[in-house]
Each structure stands twice: as structure tokens, then as C-alpha cells.
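Notes follow once the structure below has been shown.
Please treat every number below as a calculation from the coordinates, not as lab data. These numbers come from a predicted model, not from an experiment. Note that we place each Cβ from the backbone using ideal geometry, even for glycine, and neighbour counts take in every protein chain shown.
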Amino acid sequence: MRLPAVKRDDLSPENQQLWDRIHAGRSSGGGGPYSALIHAPKLADRLSATENYFRSAATLAQTDRELVILATVREFEAHFPWTRHEIRGREAGLREDVIEALRANGSLEKLMPRERLVVEIVRGLLRNHRLSKELFTLGLAELGTEKFVELVALIGHYCTISTVANAFEVLPPEGSKTF
């Protein structure tokens, strides 16, 4: 990583509380992109709260969330988040064909219609910076308003996470298979 490691003891008492809250909700122990984000503790805390919303309060199904995350981080070629969410995607029940299609950044022909739609929404937003009328209409019809808004916000959140991981060269665990 391009920034020096931050130790909890180096932070002010207020920021130590933020550290504790961030680390409590992270399976990586606050590592990964949060090892860079902790240099701005209040920002890290708010981004962590957003992730916690998606994990515990979102209406969007876990398989859809992991599909969105993998498709987003793949578009950014963000290796660290890919490794974490490939594992979570499998745990959530994503099919191997889906994971491998995303890894290859290739054809979506083996995906089920909903899976294909979700990935097309991600790719549409990230490649074209907007959604076609057709994709918007299909996404809204398939997901409903609340889940569709969550899906779009989750794409945006993982754009941030991916950008942080890439800018600060947050590397995946050694030996990880990414793309």
C-alpha cells in the first residue's frame, strides 16, 4: 500500500472510537481499502456505515448485492475487493458461471435473465455513464423502486471503494486469483 499503516494508538480518542466502529463491522479487520481510508477517519466511518446499511438493512437480495459488487469492481479492475467479494458471492449462492463470466469481462450469455440485467445495468452506468431508457425501464420493473435505487447506490459506493483500492495500491492477499 502506498500510505503508511495507521495504528489505533496513533489516533485521537475520538478517532479511536471511529476506528473501533469501523473494525467491528469488517471481515478484513479494517484492512483493504479501509487501511487507506482510515487516514481520513470521519470519511472512513461514513463509508463503513454505508456498507453496513447494505449488509444489514438493504432490501436488495444478497446475491444481487454481490453480483453488483463483483461487476462494479471488475469494471475498475480492483483486485482486493474482487477477492473479498468473490468469496462472499459464492457464499451468497452466485453461480460459478456468473463469477467466471465477470472475471473474463466477457459475454453474459450464460447468465440468467435477472443476472444479465443486473450486470448490464452496472456496465451501462460505468461504461456509458447513464442508463438507456430500456435498461432503466427493465431494471425498475424487475426490482421495484427501492431495490433499484439501492442497486444504483451500491454501484456508486463500490466505485469509491474500487478507486481507493486502485489509487493506494491496496493489494489482494498473495496468491489470490483475480483476473
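See the values below:
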read-out	value
Pairwise centroid distance, computed over Cα atoms, of the range 29-51 with the range 116-169, Å	22
Cβ-based exposure ranking for H129, H23, H85, H39, in which fewest neighbours within 10 Å come first	H129, H39, H23, H85
Residues V122, V164, sorted so that the one with the fewest Cβ neighbours within 10 Å comes first	V164, V122
Degrees separating the helix 133-143 axis from the principal Cα axis of the chain, which is the longest one	70
Between helix 113-128 and the chain: long-axis angle, C-alpha atoms, 0 to 90°, nearest 10	60
Using alpha-carbon coordinates, inclination of helix 13-24 to the longest axis of the chain, degrees	40
